[in-house]
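Below you'll find the structure, written out as structure tokens, and then a few comments.
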Amino acid sequence: MTTTMQRPSSPTPSGHRSLRDKEENARSRAAKNRVVETLLLLGMILAIVPLILILFEVGRRGAGVVSLEFFTQAEPPYRREGGGYAQGFVGTAYIMLLAVLMAIPLGIAAAVYLTEYGGGRLAKAVQFFNDVMTGVPSVFVGLFIYALLVVGTLQLRFGTFVGAVAIAIMMLPIVVRSSEEMLKLVPPELRNASFGLGARKWQVVMKTVLPAAGPGLVTGSMLAVARGAGETAPLLLTALGSLQIVTALQGTAQSSLTLLIYRGSIQPFAAGIQRAWGGALALLVIVLVLTVAARWIGSRSQVA
Amino acid sequence: MNAPESPTGHRSLRVEDRGRLADPLFRWFVTSAGMSVLVILALMIARTTSDAWPIFRREGLAFFYGTQWTAGFSRTEITGEYGAWPFIYGTLLTATIAIVIALPLALAVALYITQLAPKRLKNPLSYTVEILAAVPSVIYGLWGLLFFVPTFVRPFMELVNGALGWFPLFEGPLYTVNYFSAGVVLAIMILPIITAITREVIGVHSQDVQNGAYALGATRWEVIRRVILPGSFPGIVGATMLGLGRALGETIAAAMLVGGSQRWGRSLFFAGDTMAAHIANTFQDAAPETVLALLAIGVALFIVTMVVNVFARLLVWRIGHITGDAAV
């Protein structure tokens, strides 16, 4: 290294080169570093642009469409102006209600298994495949429910319930994962104190651990609901879609906000496309409010 | 509570009331809830594969390399011809485009956030990128189809087609919805998951080793290049594969942007179809036998994404229990 010194200054008394000497390539190394830092900054900015474009464009084109009427009237034929997505809002709310009733208790129970009874190989496998399950293609879940419930053994046909089952399967891994994280945060002292007072294990879990993790569990559930409400593909194969408001639990094809947006945006008439933007705005607001509120509750409970 | 009273008048700690069954029952209940994850996954594979079996048996391996997809209309037998190569090709191509675009960007974002960003900006920045994961895919489809692709991607494609049209990958005719449009939007959609996991993986990397490199006089880039990237390499591969899994399985946005034809072409600008998109696009008009063929596509897609996901999770799990929660 000493041979590449820029100006061989007098060595220090001990014979080493001075710390003030710079290597010949110091300048190019610094320049390269600056180039890379700029590139990273550009990448960062570029990554934020799509979000801004989405929020801006959906807001701009959807704002004029969303009115009271948009929530109270069903969709007219695509070429006709006016009307709304009432059947979509009802359908999504109905499906989500059922899906929440299925996915959240099951998911939290599975998370209790993982944290309170886990540790074994089986629990490890559940954990692992739960993570893997977050990556199952959504359309495949739809196909599975179609084969199993819609036409399969049970012959339930299309409807709200089968749609909800499909959405619940999409939500389940998210609920399990986030609930597990939250239950792990509950300090063991709390459990021990509860045991010390004579509680049985189920009482410890139900009366101490779950309430202590309450806000965190809400966070995870809200994130799962946000994800579920935005799903389209599983519903395409299970709820199918409908032109009117449907209140039947099963047997009549049900609509959803996402299905209406999907169908509205791939047809050619301007009025229908406009409503699709309105629906997109409504959906985006619902999903983002849920997501942001969930994070907010989550971050607050971590501080406490 | 009919337990015998102890001499002091308190009831015995050994009391055997009816509640003694509660614990085993509770344990059994939560264990079966945990098992349900495995059961659902197993049931998924078993049910769809057995339903789609007639298609696989009839087509054999030709299901995967056959290029002719002719839907039949029979209720009872298999009359059509089912070669899924056009969709397999479309899936692989769009996912590749998405990865090629998203990976460098995700690396840049993760490195910027962990190494360069001012402390106060770290959280807001990762938050902003990860909120992209919360946007429903149908909104990506709508936004891509009616705004992003016509305004930004189409002019870019015209430019490339004009300059490099002689190259098979960029030859015309130019469709607005095509492999490339779908790939670009998929890239935006998988950006958050790759970023989130890469960020966590880099976070796990030893700060001491990095400080050591800085103490030896390395510049920031040299630390990134020689210390962080090699150390985090398996995790980054895992993150990329998770992104790949998402891109392979993405349905609605791809269905709206890829073109929806049943053919395939070498050009990036050809309007083709992906496996997931083809299921969504044609399911409604499918006759019973074609539904079986769509199920077969679904099974093939599921197996591929499962393999990719399992490998990715194994790679990432070795580093720590990293899940990219922020972006699921």
Flagged pairs (Cβ under 7 angstrom, 6 or more apart or on separate chains; first in the stretch A:148-176, in contact (Cβ under 8 Å) with a residue 24 or more places away in the chain; second among the basic types (Lys, Arg)) are A:Val150/A:Arg157; A:Met170/A:Arg227; A:Met171/A:Arg227; A:Ile174/A:Arg227
Check your understanding: Quick check: is even one residue across the stretch A:258-266 among the aromatic types (Phe, Trp, Tyr), surrounded by 24 or more Cβ atoms within 10 Å (Cβ to Cβ) and closer than 25 Å to B:Leu142 by Cα?
Key -> yes
request  = Would you be able to say whether some residue in the stretch A:201-211 is free of Cβ contacts under 8 Å to residues at least 24 places away in the same chain, hydroxyl-bearing (Ser, Thr, Tyr) and in a helix (DSSP H, G or I)?
outcome  = yes
Across (1) outside any helix (DSSP H, G or I); (2) in contact with a helix residue (DSSP H, G or I) (Cβ under 6 Å, 6 or more places away or on another chain); (3) among the β-branched types (Val, Ile, Thr), A:Thr252 clears everything bar (2)
Over the stretch B:144-178, the set of residues in a loop (DSSP other than H, G, I, E, B) and either more than 11 Å from every other protein chain (Cβ to nearest Cβ) or farther than 26 Å from B:Gly249 by Cα (or both) is B:Gly165, B:Trp166, B:Phe167, B:Glu171, B:Gly172, B:Pro173, B:Leu174, B:Tyr175, B:Thr176, B:Asn178
**Asked** Would you call B:Thr76 out of contact with any Asp or Glu (no Cβ under 6 Å at 6 or more places or on another chain), over 20 Å from A:Pro137 (Cβ atoms) and exposed (fewer than 14 other Cβ atoms within 10 Å of the Cβ)?
**Response** yes
Considering the stretch A:185-215, residues that are among the β-branched types (Val, Ile, Thr) and under 27 Å from the mean Cα position of the chain (by Cα), and then whichever is surrounded by the fewest Cβ atoms within 10 Å (Cβ to Cβ), we arrive at A:Val186
Condition set among the charged types (D, E, K, R) and crowded, with 23+ Cβ neighbours inside 10 Å, scope the stretch B:214-255, selection nearest to A:Glu24 (Cα to Cα): answer is B:Arg246
Just one listed residue, out of A:Leu42, A:Leu51, A:Leu46, is buried (at least 17 other Cβ atoms within 10 Å of the Cβ) and either at the interface with another protein chain (Cβ under 8 Å from one of its Cβ atoms) or not in a helix (DSSP H, G or I) (or both), and it is A:Leu51
Of the conditions (1) out of contact with any Lys or Arg (no Cβ under 9 Å at 6 or more places or on another chain); (2) in a loop (DSSP other than H, G, I, E, B); (3) at the interface with another protein chain (Cβ under 10 Å from one of its Cβ atoms), the single one that A:Ala123 does not satisfy is (2)
In the stretch A:31-38, is there at least one residue being among the β-branched types (Val, Ile, Thr), surrounded by 12 or more Cβ atoms within 10 Å (Cβ to Cβ), free of Cβ contacts under 8 Å to residues at least 40 places away in the same chain and within 30 Å of B:Thr195 (Cβ to Cβ)? yes
Practice problem: Check the stretch A:186-196 and report whether any residue there is at pLDDT 90 or above, closer than 28 Å to B:Gly19 by Cβ and within 13 Å of chain B (Cβ to nearest Cβ). | Solution: yes
In the set B:Pro104, B:Pro86, the lone residue that is over 17 Å from A:Ala47 (Cα atoms) and more than 17 Å from the chain's Cα centre (by Cα) is B:Pro86
Of the listed residues (A:Met170, A:Met182), the one being under 21 Å from the mean Cα position of the chain (by Cα), closer than 18 Å to A:Leu114 by Cα and surrounded by 22 or more Cβ atoms within 10 Å (Cβ to Cβ) is A:Met182
Quick check on the stretch B:268-276. Is at least one of its residues crowded, with 23+ Cβ neighbours inside 10 Å, touching a Gly at 6+ places or on another chain (Cβ under 9 Å) and over 30 Å from B:Leu174 (Cβ atoms)? no
Pairs returned, first residue in the stretch B:104-131 that is more than 7 Å from chain A (Cβ to nearest Cβ), second residue that is charged (D, E, K, R) and surrounded by fewer than 17 Cβ atoms within 10 Å (Cβ to Cβ), beta-carbon separation under 9 angstrom, 6 or more apart or interchain, are B:Ile113/B:Lys122; B:Thr114/B:Lys122
Those residues of the stretch A:126-153 which are within 7 Å of another protein chain (Cβ to nearest Cβ), touching a Ser or Thr at 6+ places or on another chain (Cβ under 8 Å) and part of a helix (DSSP H, G or I) amount to A:Asp131, A:Ser138, A:Val139, A:Phe140, A:Leu143, A:Phe144, A:Ala147
Checked pairs for the stretch B:50-69, first within 19 Å of A:Tyr146 (Cα to Cα) and of a type in the set (Val, Ile, Thr), second in a loop (DSSP other than H, G, I, E, B) and at pLDDT below 90, C-beta under 8 Å and 6 or more apart or across chains, list as B:Ile55/B:Ile78
Q) Is one or more of the residues making up the stretch A:216-224 under 20 Å from A:Ile169 (Cβ atoms), at the interface with another protein chain (Cβ under 9 Å from one of its Cβ atoms), part of a loop (DSSP other than H, G, I, E, B) and touching a residue at least 12 places away in the same chain (Cβ under 8 Å)? A) no
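The values are calculated or read from the model by the stated rules, or taken from the named source; none is laboratory data. Only a predicted model underlies this, so the values are computations on that prediction, with no experimental measurement involved. Note that we place each Cβ from the backbone using ideal geometry, even for glycine, and neighbour counts take in every protein chain shown.
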